[in-house]
Amino acid sequence: MSGRYVWLVLLIVGYAALLVTYSNAPGALGFPVPDLAKIIFFHVPPAMLCTVFFLWAAIMGIRYVSSRKPYFDMATQASVEIGTLLCALATVTGMMFAKAQWGKYWEWDPRQTSILIQLLIYLAYFALRSAFTDRDRAAKVTATYAAFAFITVPFLVWVLPRVVAFTKHEGANQAVVGGQLDSTYRTIFWIATVYVFALAVTAYKWRIAALQIEKTREVTNGLASMDATDTRVLRPVPLHSDGRSEEDEE
Amino acid sequence: MRDAWEIVKKEFVCDMRSRTGLGTGVLFAVSSAVSLGLAGSKFEASASVIAGLTWAAVLFTSVVAVSRTFIAEEEAKTADLLRVFGRMSAVFWGKVVYASAVMICLGFLQAGLVLVLLSGSVADPLMFIASLASGCCTLAVGLTVCSSMAARAGGGAGLAGVMAIPLLLFVLAPGIAALRASLGDPLPNAWASVVALVGFGSALCAAGPYAFAAAWKS
C-alpha cells in the first residue's frame, strides 16, 4: 500500500475513532437539545472549510487568468469541486441539525440561506464550464467566474446574517465560537476540523493528479491526430435524401 | 468617458430598433405584475408579502431584460467590432450605465404596478427610491458581467440567467428588508439594508471591469 493510501486510511480510522469515543460523552450545553448537538462535528467544519476552498479557487482563478498556466486551471476546478462538496455536506447536515434542534428541516435562517446560495453559485460554475466547446475559453471564463463569484461570499457569510434581524444560529454560534462548549467538546471539535481539512486537502491533491492525467491524455490524443505520417484525406460524400451514401449502395 | 457615452447611445439606438431589451422587459414587467396582482386579489397582502413578491419579480425581469446585452452582440456579429472599438472599460461602463437605466425604469414600473394591484402604499418614499434604485443598479452590474461570460457559450441568455440568479440572490435579503420598511413595516435599522445593497453593488462594480476584460477578450 502506498504512502498516500496509508495517510487516507489513518485519517478515516482516526475520524471514526474520534466519533465513536465521543458518542458516550454527555450532551453539549447551549443547545435546545444538548444530546443531539454532536452533529456539529459533521456540520461546522465543512461549513467553515468550504469558504477556504472557495477563496483558494478565487486565488487560483486569478493566477490562471494572469499566467494561463494549465496547473492553475486544474487547481481552480479541483478547489471548486471540493468546496462544493463540502458546501453540500454542510447544507445537508445543517438540515439534520435544524430538524434535531429546531424541529424543522428548513427554517430560512440566514446561515441556512447563505450556505444554500453559496452552493447554487458554485453549482453554476459547472454549468458554465460544460457550456463551452473550446477548452481554453472554458478554462479562462470559468477561472474568471470563480474569482468573481467569491465577491459574494463575505456578503453571504458576514453581511446577510446581520441584515436579517432574526437568526436561530445565535445560540449555536455562541456555543461553538463563544466558548460555551466544555473543553472536551472544544478539543474534539477542533480535532474534527483538522481531520476534515486533511481529508479535503488529500482529495484536492488527488483530483489535481487525476486532472493532470486527463490533460496529458488529451494532449497525447491531440498530437496523435496531428501525426504527419497520417495521410488520409477527408472528402465529401454525396448523400441521398434517406441518409445513405453512394458508396453504401455499391 | 466619451467612449462609454458612445456605447450608451449605441445601446439606446439598437434597443429602440430591435426592441429586445426595454420592449421585452416592459412587457414582462407588466405581465408579471398583473399575474402577481391576480394571484393576490383574494387576500390583503402585508408589506412583507408585497416587498418579497416585488423583489422576486424584479430579479426575474432583470434576467429577461438585461442578460442578452452581450449575447445579442455575438448573435448580430457585432461583438468583434466592440472588441476593436477601444478600451474594454469603456465598453463595460457603457453597457452597465445603459443596463442600469433600463433596470431602474423597469424596477419602478414593476414595483408601482405591484403596489397598485396589491393595494400597498409607500410610507417612506426616500427609502423606497433608494432601495429600488440601488438594487436595480446592482442587478444590472451583475447581469452585465454574467452576460459577457456566457456570450460565447452554448445556452446564451439561459446560461447567463442560471449564473446570475444565484450570484444576485443576496440582493433580495437587504432589498426586501428595505422595501418592507419603506412600505411601513417597522424594522430596526432599515437603512443598514440600503447600505448593504450599495456595498454589494460597489464590490461588483470594483471587480466587474476586471472580470469583464478577462472573459470578453478571451
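The values are calculated or read from the model by the stated rules, or taken from the named source; none is laboratory data. Because the structure is predicted, anything quoted here is derived from the model rather than measured. Note: ideal-geometry Cβ built from the backbone for every residue, glycine included; neighbour counts use all protein chains shown.
Scanning region B:76-90 for residues that are assigned to a helix (DSSP H, G or I) and either touching a residue at least 60 places away in the same chain (Cβ under 8 Å) or crowded, with 17+ Cβ neighbours inside 10 Å (or both) gives B:Ala79, B:Leu82, B:Arg83, B:Phe85, B:Met88, B:Ser89, B:Ala90. In region A:97-111, the qualifying residues are those that are surrounded by fewer than 19 Cβ atoms within 10 Å (Cβ to Cβ) and touching a helix residue (DSSP H, G or I) at 6+ places or on another chain (Cβ under 8 Å), and the one that is farthest from the other protein chains (Cβ to nearest Cβ) is A:Ala100. Of all the criteria given as (1) touching a residue at least 24 places away in the same chain (Cβ under 8 Å); (2) outside any helix (DSSP H, G or I); (3) surrounded by fewer than 19 Cβ atoms within 10 Å (Cβ to Cβ), the one not satisfied by B:Thr69 is (3).
Candidates A:Ser114, A:Ser79: the one that is within 22 Å of A:Val157 (Cβ to Cβ), over 14 Å from the mean Cα position of the chain (by Cα) and buried (at least 24 other Cβ atoms within 10 Å of the Cβ) is A:Ser114.
For beta carbons closer than 8 Å, sequence separation of 6+ or different chains, a first residue in region B:206-218 that is closer than 13 Å to A:Phe150 by Cβ and a second that is assigned to a helix (DSSP H, G or I) and at pLDDT 90 or above, the qualifying pairs are B:Ala207/A:Ala147; B:Ala207/A:Phe148; B:Ala211/A:Thr144; B:Ala211/A:Tyr145; B:Ala211/A:Ala147; B:Ala211/A:Phe148; B:Ala211/B:Val145. On the stretch given as region A:120-135, residues that are part of a helix (DSSP H, G or I), within 8 Å of chain B (Cβ to nearest Cβ) and more than 11 Å from A:Val80 (Cβ to Cβ) total 2.
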